[in-house]
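The next block holds one structure in the form of structure tokens; read it before the comments.
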Amino acid sequence: MAYYPGCSLEGAARAYDVSLRLVAKDLGLELDYLKDYNCCGAMESKNVTFWGTILMNARNMSLARKQGHEVIVAPCNGCSFSLQRAWYFLTTDNSVLTKTNALLREGGVDPLDVIPETYHALEWLYEEAGPEKIKKRPRNL
Amino acid sequence: MAIHERGLVEQERIIKKDRIVIDGVDASGDWNLIILPRVIDDYDLDFAKDIINHPQGKTINQCYQCSYCTASCPVHNYWDEKYNPRHFIYLARLGMLDELQKRADVIWRCVSCHKCTHRCPKGVLVEEVLKVIVNQMSKRGLIEEYPSKKFDKFFTESVIEYGRIEDGELLFGWMEKQGFNVMKDPILKKPIPFAGGLPDWLKSLAIKPLKGMNIDFLILNAKHMLIHPRTQNWNRFKQVLERVIREEGIMTH
């Protein structure tokens, strides 16, 4: 499981990052921090550059593959949207995948063999831990 | 034509009479309105081809004009009736560029809520299609640099430069670009968040949460403002990214 916190969780939304790590630890789930990631482009870059945004997200996917993962977890709504959007175009349009892989190779990043799927952190908690397990955890603080 | 879309027809073409008698028959009431026909001869079908050939716009031809997108669009319903996704798709497919150009002041107002894409019964990626229409328009010089694009460009430039963004720099850099006087320290030339000619609402917005903040968090954010977080090994990738964006030519137009 590659954990992609995104720029904002390392800055303004630090509390989200800390609490998610605590919750995951408490539920016995492992988060493998994605090393040396770059910004996903959020909701801004996609409006001015299609290929640039796909490429930025493909780089993150490639890093996840390098760390041996097929699933990425992104807690930020913007990040999970961007990665899922890139996943959609890379899986449905072969010409996008071919061009992206060529560009990744040129940029010194491994091309994508498998395209990792992205889950939002809440989606992931629901799938991995399940509502029953989560229900037992809350304590009176 | 749906009643809420009657505004799409120019007022000069609508003839309405309170009382009308044809050949001695009283035709007043529901049949008192006529829309004059028009002839269109300056269409550009290459425009639609460019959209279909773009990965983002492939689904445009699945549209059967049901107007579900328009019905769910918050911009259409709460901002301006002139913003009409269904109509933009219609115009783009017919290549009626002058009609699109008439709507240049609203066509960029999409807020990316994705309700249209979510609800489309034909699987058209409406949001993506609308973005590609605007991008093709700006590529052809049919629309000037619109307000939302300015921030999109500013944001993307920051990503290209460092690989990551930093909230403080983004916010204060943007305020400076908008003509506000942002005070900077003399040595490092970094903005001082609560000084200078920033609007009061922004100052209070920044100061209010500070009171309840934990000190580690403050130090972290201050550190990020002084030393911009970067992606390592970014340079080679950055060159490819810059080239791709330049070739695409939307940022520069």
- Criterion: surrounded by 16 or more Cβ atoms within 10 Å (Cβ to Cβ), β-branched (V, I, T), in a loop (DSSP other than H, G, I, E, B) and without any contact (Cβ under 8 Å) to a residue 24 or more places away in the chain - qualifying residue of B:I143, B:I165: B:I165
- Note on the structure: Per the filter on segment A:59-95, residues at the interface with chain B (Cβ under 9 Å from one of its Cβ atoms), open to solvent by less than 40 Å² (accessible area, probe 1.4 Å), in a helix (DSSP H, G or I) and free of Cβ contacts under 8 Å to residues at least 40 places away in the same chain are A:R85, A:F89
- Query: For B:I215, which of the numbered conditions (1) in contact with a Ser or Thr (Cβ under 8 Å, 6 or more places away or on another chain); (2) of a type in the set (V, I, T); (3) exposed (fewer than 13 other Cβ atoms within 10 Å of the Cβ) fails to hold?
  - Reply: (1)
- Task: Please work out which one of (1) facing another protein chain (nearest Cβ under 9 Å); (2) closer than 22 Å to A:T49 by Cβ is the condition B:G173 fails and give its number.
- Result: (1)
- Task: Scan (1) assigned to a loop (DSSP other than H, G, I, E, B); (2) in contact with a strand residue (DSSP E or B) (Cβ under 6 Å, 6 or more places away or on another chain) for the single condition B:I40 breaks and write down its number.
- Result: (2)
- Any idea which of (1) away from every other protein chain (no Cβ under 14 Å); (2) touching a residue at least 12 places away in the same chain (Cβ under 8 Å); (3) open to solvent by 50 Å² or more (accessible area, probe 1.4 Å); (4) not in a loop (DSSP other than H, G, I, E, B) is the one B:F180 doesn't satisfy? (4)
- Message: Condition first: within 26 Å of A:R14 (Cβ to Cβ) and crowded, with 18+ Cβ neighbours inside 10 Å. Can you find one or more residues in segment A:96-109 that meet it?
- Response: no
- Query: Applying the selection to segment B:51-70, what residues are more than 20 Å from the chain's Cα centre (by Cα), within 14 Å of chain A (Cβ to nearest Cβ) and open to solvent by 90 Å² or more (accessible area, probe 1.4 Å)?
  - Reply: B:N53
- Item | Selected residue (criterion: farthest from B:C113 (Cα to Cα)) from residues of segment A:34-58 that are facing chain B (nearest Cβ under 7 Å), open to solvent by less than 10 Å² (accessible area, probe 1.4 Å) and touching a residue at least 40 places away in the same chain (Cβ under 8 Å) | A:L55
- Item | Pick from segment B:17-50, criterion surrounded by 10 or more Cβ atoms within 10 Å (Cβ to Cβ) and of a type in the set (K, R), ranking: farthest from the chain's Cα centre (by Cα) | B:K17
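The values are calculated or read from the model by the stated rules, or taken from the named source; none is laboratory data. All values reported here derive from a predicted model rather than from experimental measurement. Don't worry about glycine lacking a Cβ; one is built from the backbone with ideal geometry, like all the others, and counts go over all protein chains shown. Remember, those area values only see protein heavy atoms, side chains included, never the ligands or the DNA or RNA. Shrake-Rupley method; radii C 1.70, N 1.55, O 1.52, S 1.80 Å.
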